[in-house]
2 protein chains.
Amino acid sequence: MIQPLLKLYKKNSILSSISAVLNWDQETYMPRGAADFRATQGAFLAEMAHELVTSDRFRGCLSEHVDLATGAIDPGITSPVDTANLKLAYREWVHANRVSKDWVVAMAETTSKAQLIWADARATNHFASFAPILESLIQLTAQRADAVGYVHEPYDALLDDHEPGMTTQYVSQLFAHLRPILRAIIDRTAGRSVPLLPTGPFSIDRQERISHDLLRRIGFDVSRGRLDRSTHPFSTSFHPTDCRITTRFSDTDIMENISSTLHEGGHALYEQGIPEAWFGQPVGTSISLGVHESQSRLWENIIGKSIPFWQTYLPILSTEFSEFADMSTHSFVAAINPVMPTCIRVSADEVTYNLHISVRFQIEQALFSRQLAVRDLPSAWNELMRSELGVVPATDREGVLQDVHWACGGFGYFPTYTIGNLMAAQFIEAAAHQIPRWSDHMAAGDWIPLTQWLNTAIHQKGRSVTSDELMRQVTGRSLDVSAFERYLNQKF
Amino acid sequence: MIQPLLKLYKKNSILSSISAVLNWDQETYMPRGAADFRATQGAFLAEMAHELVTSDRFRGCLSEHVDLATGAIDPGITSPVDTANLKLAYREWVHANRVSKDWVVAMAETTSKAQLIWADARATNHFASFAPILESLIQLTAQRADAVGYVHEPYDALLDDHEPGMTTQYVSQLFAHLRPILRAIIDRTAGRSVPLLPTGPFSIDRQERISHDLLRRIGFDVSRGRLDRSTHPFSTSFHPTDCRITTRFSDTDIMENISSTLHEGGHALYEQGIPEAWFGQPVGTSISLGVHESQSRLWENIIGKSIPFWQTYLPILSTEFSEFADMSTHSFVAAINPVMPTCIRVSADEVTYNLHISVRFQIEQALFSRQLAVRDLPSAWNELMRSELGVVPATDREGVLQDVHWACGGFGYFPTYTIGNLMAAQFIEAAAHQIPRWSDHMAAGDWIPLTQWLNTAIHQKGRSVTSDELMRQVTGRSLDVSAFERYLNQKF
């Protein structure tokens, strides 16, 4: 019986869920003047969670079933779910015990402040005002990497945080495989003319109706979640009964909201699909950020930018916005799928997107191997943009300051986006093979069979399997670039 | 140095502030399906706060300065603020130690569920479905009253929770004084014809602009607070930098939103005015619910339903809603000030409102002295409505089910509304006397001098004085009905 451990662990999960509510509020509705106090609240909760996992009681409960020196699980534990729970709890215990409470509080307070400083620096295009707190965040993160340990280099520890098992070497190889594939497509499509989309103005109220309609069609349960607006779209989950997403609207670009809604909706379907009964157990969460991104990108790109999708949805969009009534599906889909190197990651196409990630990966690796100093970041960024994408941002705002991730302490996070793209392509191949009458459903715009398949194949498993186990169970093989290569080459 | 105690107490305040964020979210944006889990989160925080105040460490810090058996403060403490902090911390410690952790968890979970059950029962006009959980709440509350102790009867303990020092006998006498005054006004005004207000429809967007304009004019700092919508308007504060209010809109009744905004805005000015440096100390909160209500009612009624106010504001309202352009100030003010016994407390006029409170006071007292059973509540309610107000609700929805307070465990809360009315009248007499050029400011629609006076006289004091000390400091005498009597008789 691992119940005492699970009972204690559940408190940890509730603390996390409360932090998540505070973060959601911070990004959606919190008044600006409340930022300092919100940082105090966040640090308080982080400290409590750390106290709990490093407590004698937690150690005691864990040691009943796990050899704390080696991580070996008591051979008497036979249930695979219990085994997974113990492995995950042990990993968390080890990580927590290797950092001090002071570190936890400093990290919580620094990230909270850094997000505001970053937002100001970005608004005023002034990297120098962000540099000092970024430096602090890098130092704090490097301290943790040293404390937690790593295979070859500190950056391995950061990758492992977001995608357990992932290493710098592995990601380097992945990009080595991907780069020529992506370059070939960019070269092949260069100079192709792309139809222009109507540019509105599109009423925000009508766009909001579209968002809710899309969410309903993909199976998002609105009684267990909601949609709001924020500067940067995101998804968060407090519990399978409360999964929230945000979107943003442009009155000139209709795809801004549609892409965000499908992307965040994909994340939310994952969280709503994790077994409620597992809430509070280590297995009761998502597997990794890579798997999470596979769910969002599958809906945003593979489904949401496909011809079958728009065969169904363009007529619906046209009922709200008559300017689309005269466009053919092929010309609409061509318009939303240009391949075009630009400076901004979030608006990049499916091909060049991964080169944006490659830039960030190389920058992060260089920062944590001390080969790059913070003050040299803007020039290193621009240089890599030139070599990877052939474009150079005119300002830091469109360059090194564009993403919030580092301000949140999210180093080693970016590579999971490309991992997610690869996984999504591999999942869709499996889905098309396994779902009866797949093409009929897609042609009819009935996406619920796909949601149900994802639910059974992926969401319902929570974190009871590793990401590699999941790939092998669902697709019959470990992650590789082949499915993504086939997908891109067929599409472009 | 009482620093160690204050440091520990601050954790308690942060826990409360986090609970308040969760409650705000529950009332504004939380999806319906999340209710059970929100109850789990709330109970968890309540349990933690209880553990903290009943911990050996808290006891130890407190006993350094207070005799735990008698409550006597160490004579070495000379600062009035420290003395107040110690008295308040001791009171909280005594109260917390007299109930068990199980009670705290049960109460948190029961109130969280009860609010949803009440909302359903009210919507379907079905008291019987609310009765069982109401019975549980009364039992839990009675257990606490017995444990905490009281002067003469259990209900004294509940009154004391919301308005320290208030007793059943005191409130009874108050209503004995008030009743004939109120009745005389009702008799005197009966049959007076009241002008009719335009009934819209009023655009919600324009009403929202009015709300924000009103808040700005009374000095609400929007960088440290916000306005949302909820079924029942309320105000909440997480910290002086994050004070939030809600309102509701009717598209036919322009005063619904204006009254709510001014009422909740008055609460928020109080919370925004409490010294930030005192956050986390016992003195760093409001004094009592009565004082809180005095602030909301002063703005809602005494200012917001007065002739000088509408001399300034009717032209402004008319720029958004031209249907008011032809009304005279006197006829508008007469229209919003009918004296008319009705069944609904929240829409009652300033005179009959207090009779609604008298009904609830008598009901609560009867419930907690075991003279009234829950199953007999609807008939007792209707009988008291007939004798106090001369009207009988047609349904329980317009009767005993109309208020959320009991579902929140708020027994002994209602009398603070009448206390607040009395205090507000007493404060305004003092303000008119003390603020230079009072009539000029009012005539010019400049309400900031009043906000500043309230801030200095009341808000800035936090809870460093008792409510009786406050009354005497600000108005020169303890609370009585005379100012309210003068105010009503002059107005009606």
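The values are calculated or read from the model by the stated rules, or taken from the named source; none is laboratory data. What you see is a predicted model, and the numbers here were worked out from it, not measured in a lab. Cβ placement follows ideal geometry from the backbone for every residue including glycine, while neighbour counts extend to all protein chains displayed.
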Inset, instruction - Scan the range A:435-476 residue by residue and report those that are assigned to a loop (DSSP other than H, G, I, E, B) and either exposed (fewer than 13 other Cβ atoms within 10 Å of the Cβ) or in the same structural domain as A:Ala89 (by TED's automatic domain parsing) (or both). - result: A:Pro436, A:Arg437, A:Gly476
Legend entry - Out of A:Glu293, A:Glu264, sole residue that is charged (D, E, K, R), within 20 Å of A:Ala430 (Cβ to Cβ), crowded, with 24+ Cβ neighbours inside 10 Å and at pLDDT 95 or above: A:Glu293
Inset, instruction - Hey, could you check the range A:51-75 for residues that are of a type in the set (A, V, I, L, M) and either more than 30 Å from B:Ser16 (Cβ to Cβ) or in contact with a strand residue (DSSP E or B) (Cβ under 6 Å, 6 or more places away or on another chain) (or both) and say which is surrounded by the fewest Cβ atoms within 10 Å (Cβ to Cβ)? - result: A:Ala69
Legend entry - Failed item in (1) farther than 30 Å from B:Val151 by Cβ; (2) crowded, with 19+ Cβ neighbours inside 10 Å; (3) in contact (Cβ under 8 Å) with a residue 24 or more places away in the chain, with B:Arg226 passing the rest: (3)
Inset, instruction - Pick out the one residue from B:Met423, B:Met385 that is out of contact with any Leu (no Cβ under 7 Å at 6 or more places or on another chain), in a helix (DSSP H, G or I) and of a type in the set (A, V, I, L, M). - result: B:Met385
Legend entry - Residues located in the range B:217-233, provided they are modelled with pLDDT of 95 or more and more than 14 Å from chain A (Cβ to nearest Cβ): B:Arg217, B:Ile218, B:Gly219
Inset, instruction - Look through the range B:41-61, keep the residues that are under 13 Å from B:Ala96 (Cβ atoms) and among the aliphatic types (A, V, I, L, M), and return whichever of them is nearest to the other protein chains (Cβ to nearest Cβ). - result: B:Met48
Inset, instruction - Would you please list the contacts, defined by Cβ atoms under 6 Å and residues six or more apart or on different chains, that run from a residue in the range A:415-426 that is over 19 Å from A:Val346 (Cβ atoms) to a residue that is of a type in the set (Ser, Thr, Tyr)? - result: A:Met423/A:Ser294; A:Ala425/A:Tyr487; A:Gln426/A:Thr475
Inset, instruction - Confirm whether A:Arg38 is more than 10 Å from chain B (Cβ to nearest Cβ) and in a helix (DSSP H, G or I). - result: no
Legend entry - Among the candidates A:Val194, A:Val222, residue that is in the same structural domain as A:Phe361 (by TED's automatic domain parsing), out of contact with any Ser or Thr (no Cβ under 8 Å at 6 or more places or on another chain) and under 30 Å from B:Asp36 (Cα atoms): A:Val222
Inset, instruction - Determine if the range A:108-117 includes at least one residue that is touching a residue at least 24 places away in the same chain (Cβ under 8 Å) and more than 21 Å from A:Leu45 (Cβ to Cβ). - result: yes
Inset, instruction - Could you check the range B:254-353 for helices (runs of 4 or more DSSP H) lying wholly inside it with 2 or more residues that are among the hydroxyl-bearing types (Ser, Thr, Tyr) and without any contact (Cβ under 8 Å) to a residue 60 or more places away in the chain? - result: B:254-273, B:307-320
Legend entry - Where A:Thr78 falls short, out of the listed (1) more than 14 Å from chain B (Cβ to nearest Cβ); (2) surrounded by 14 or more Cβ atoms within 10 Å (Cβ to Cβ): (2)
Inset, instruction - Starting from the range A:51-62, keep only residues that are touching a residue at least 40 places away in the same chain (Cβ under 8 Å), then list their pairs with residues that are aromatic (Phe, Trp, Tyr) and in a helix (DSSP H, G or I) whose Cβ atoms are within a distance under 7 Å, requiring at least 6 positions of separation or different chains. - result: A:Leu52/A:Phe58; A:Val53/A:Trp93; A:Phe58/A:Trp93; A:Leu62/A:Tyr90; A:Leu62/A:Trp93
Legend entry - Candidate set: the range B:234-253, residues that are within 14 Å of chain A (Cβ to nearest Cβ) and not in a strand (DSSP E or B); chosen: the one surrounded by the fewest Cβ atoms within 10 Å (Cβ to Cβ): B:Thr241
Legend entry - Test: residue in the range A:12-24 that is more than 10 Å from chain B (Cβ to nearest Cβ) and touching a helix residue (DSSP H, G or I) at 6+ places or on another chain (Cβ under 6 Å): yes
Legend entry - Residue among B:Ile303, B:Ile274, B:Ile287 that is touching a Leu at 6+ places or on another chain (Cβ under 9 Å), in the same structural domain as B:Asp440 (by TED's automatic domain parsing) and buried (at least 21 other Cβ atoms within 10 Å of the Cβ): B:Ile287
Legend entry - In the range A:22-50, residue surrounded by the fewest Cβ atoms within 10 Å (Cβ to Cβ) [restricted to those that are in contact with an Asp or Glu (Cβ under 6 Å, 6 or more places away or on another chain) and in contact (Cβ under 8 Å) with a residue 60 or more places away in the chain]: A:Thr28
Legend entry - When residues of the range B:25-35 are limited to those that are in a helix (DSSP H, G or I) and facing another protein chain (nearest Cβ under 7 Å), the one farthest from B:Ser237 (Cα to Cα): B:Gly33
Inset, instruction - With respect to A:Leu5, determine if the residue is of a type outside the set (S, T, N, Q), buried (at least 20 other Cβ atoms within 10 Å of the Cβ) and in contact with a Cys (Cβ under 7 Å, 6 or more places away or on another chain). - result: yes
Inset, instruction - Quick one: which residue in A:Ala108, A:Ala142 is under 24 Å from the mean Cα position of the chain (by Cα), surrounded by 21 or more Cβ atoms within 10 Å (Cβ to Cβ) and not in a loop (DSSP other than H, G, I, E, B)? - result: A:Ala108
Inset, instruction - Answer yes if at least one residue in the range B:200-215 is modelled with pLDDT of 95 or more, in contact with a helix residue (DSSP H, G or I) (Cβ under 6 Å, 6 or more places away or on another chain) and within 14 Å of chain A (Cβ to nearest Cβ), and no otherwise. - result: yes
